[in-house]
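Here the structure is laid out as structure tokens; the discussion comes afterwards.
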Amino acid sequence: MRNQFFFIGTEAELIKVFPVIMDCQKEGNICHIIASGQNDLRRNRILDYIHLNGKYVELSKEAEIVKSAVGLFAWFGRTWLRAKGIIEEHFNRTELSGANMVVHGDTVSTYMGALIGRRFHMRVCHVEAGLRSHHLLNPFPEEIDRILTSRIARLHFAPGHEAVENLNRARGRVVDTQYNTILDSLRISKQMDVVTKHLKGVVSQDYFVFVMHRQENLMDKDFVNEVMRQVEQLVCYRKCVIILHKITENVLADMGWLQRIKKVSGFILFPRMDYFDFMKLLEGAKFIVTDGGSNQEELYYMGKPCLIMRKTTERQEGIGQNARLFGGEVGEIGRFAKSYASYQCDAVVGNCSPSSIIARELGK
């Protein structure tokens with residue numbers, strides 16, 4: 001039995017990696033999670049679902065992070081400095097040296113995991129490798145995180161031809177997983193029961209979903225005001241489900257928007273919800289307006305119309321098919337709401353399991 005280490009920082013990473021962990025365990029491996037603490041993963045239903053057969057080690061607590069760019073980088077430094085001691089408390093050098101350290105995506109935790117893997121002489125394996133916007137500071141810091149992680153990784157799992165091509169100068173082995181592992185996550189989500197209160201009553205209604213949680217959007221007060229005015233106009237025609245990430249809730253409250261929309265019956269407000277339930281919410285929506293990169297991928301596989309509130313994206317899934325970039329023009333929200341039906345596509349079924357491809361490679 002081989003030890004496989006998964007370095008996970010955010011819920012989004014856990015969502016995309018858990019099918020890989022499950023397949024690795026089926027292959028007879030012992031899987032350990034080293035959580036950076038960027039998000040509190042222990043509350044997530046996924047951890048119970050995967051029945052982790054190894055250790056779960058936490059390097060910090062989410063409550064320690066000051067919710068700002070400066071606070072995030074300060075947390076990175078503190079966590080990096082104490083990571084070595086914490087990991088050595090739980091694992092010996094024999095277990096670590098030469099083992100696989102699997103990191104995912106493009107967060108600061110992705111790069112932290114790669115650095116820690118190299119520090120312990122592990123083989124760094126990057127899932128969802130090779131995505132590029134080709135704009136160094138947009139999205140920030142994701143594009144930089146991906147580039148730096150690719151320089152350390154020696155096993156690159158790239159979801160499709162374009163991602164593979166972006167890694168043509170990378171050191172080590174590049175494996176084409178054909179699809180993103182989110183495809184496997186979505187397959188599993190269809191089997192899960194709803195646990196969010198009142199959600200069953202909402203998904204039977206006529207609604208669209210609005211998600212805005214990126215700091216660069218929320219820090220621009222003029223932008224937030226323009227977007228919210230556009231969304232407010234749309235609730236005259238159908239209900240709007242808003243997902244309130246904590247940072248979103250705080251900004252809308254400070255600007256007076258939270259109190260305002262709570263008085264309008266067309267708005268339905270949910271806190272950030274369980275992943276499996278969120279997928280059911282997206283499935284029932286007429287269309288989605290979001291600034292989330294992972295949402296773009298999920299909606300591509302669903303074939304759901306979505307407007308991406310970003311000027312650039314490192315992900316090409318769905319662009320020009322079910323998805324459109326708004327390009328910084330807030331008026332696109334209203335225009336998209338009128339033409340969303342033309343963006344409806346068939347769901348992507350996929351003829352393979354990207355997670356199984358990764359698990360087999362990790363076991364070699």
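Bear in mind that the values in this text are calculations on the coordinates, not laboratory data. Keep in mind the model is a prediction, meaning the values are calculated, not measured. Here the Cβ positions follow ideal geometry from the backbone for every residue, glycine too, while neighbour counts run over all protein chains shown.
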Tilt, helix 11-26 to longest principal axis of the chain (alpha-carbon atoms), in degrees rounded to tens, equals 40 degrees
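How large is the dipole of segment 199-343 about the Cα centre if only Lys and Arg carry +1 and Asp and Glu carry -1, each at its Cβ, rounded to the nearest 20 debye?
On the way: 20 positive and 18 negative charges, 94 e Å.
It comes to approximately 460 debye.
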Here the relative contact order (percent) of the chain, from C-alpha pairs under 8 Å and at least 6 apart, is 15 percent
Lys and Arg at +1, Asp and Glu at -1: neighbours of residue 308 with Cβ under 15 Å from its Cβ sum to -2
Listing 213, 198, 121 by rising number of other beta-carbon atoms within 10 angstrom, fewest first, gives 198, 121, 213
For segment 294-364, listing GluC sites (Glu not before Pro) in a DSSP loop whose Cβ sees at most 14 other Cβ atoms within 10 Å gives 329
For residue 304, counting only lysines whose alpha-carbon sits under 23 Å away and dropping same-chain residues fewer than eight positions off, the answer is 16, 190, 200, 239, 280, 286, 338
Net charge near residue 156 (other residues with Cβ under 13 Å of its Cβ; Lys, Arg +1; Asp, Glu -1) is +4
Cα-based Rg and Dmax for segment 1-155, in Å, come out at 14.7, 42
Once the dipole of segment 236-283 is set up from charges on Cβ (+1 Lys and Arg, -1 Asp and Glu), the residue from the list 266, 276, 252 lying farthest towards its positive end is 266
Quotient of Cα radius of gyration and Kirkwood radius for segment 199-343, i.e. Rg/Rh, equals 0.92
Here the percent of antiparallel bridges among DSSP beta bridges lying wholly in segment 177-301, to the nearest 5, is 0 percent
For segment 33-131 the trypsin sites (Lys or Arg not before Pro) that pass both the DSSP coil test and the at-most-14 other-Cβ-within-10 Å test are 42, 43, 61, 67
Sorted by chain and then number, the residues having a modelled amide H within less than 5 Å of the amide H of residue 30, at least 5 places away or on another chain, are 2, 3, 4
With -39,500 (n - 2.57) per DSSP H segment of 4 or more residues and division by the full residue count of the chain, the 222 nm estimate, nearest 500 deg cm²/dmol, is -12500 deg cm²/dmol
Long-range amide H partners of residue 35, meaning residues 5 or more apart or on another chain whose placed amide H is closer than 5 Å, are 8, 57, 58, 59
Neighbours of residue 88 by Cβ distance under 12 Å: Lys/Arg at +1, Asp/Glu at -1, summed charge +2
The alpha-carbon pair-distance distribution computed for segment 206-265, with 10 angstrom bins and whole-percent values, is 21, 61, 17, 0
To the nearest 20 debye, the chain has a Cα-centred charge dipole, built from +1 on Lys and Arg Cβ and -1 on Asp and Glu Cβ, of 320 debye
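Mind checking the dipole of segment 228-310: about its Cα centre, +1 per Lys or Arg Cβ, -1 per Asp or Glu Cβ, Debye to the nearest 20?
About 380 debye.
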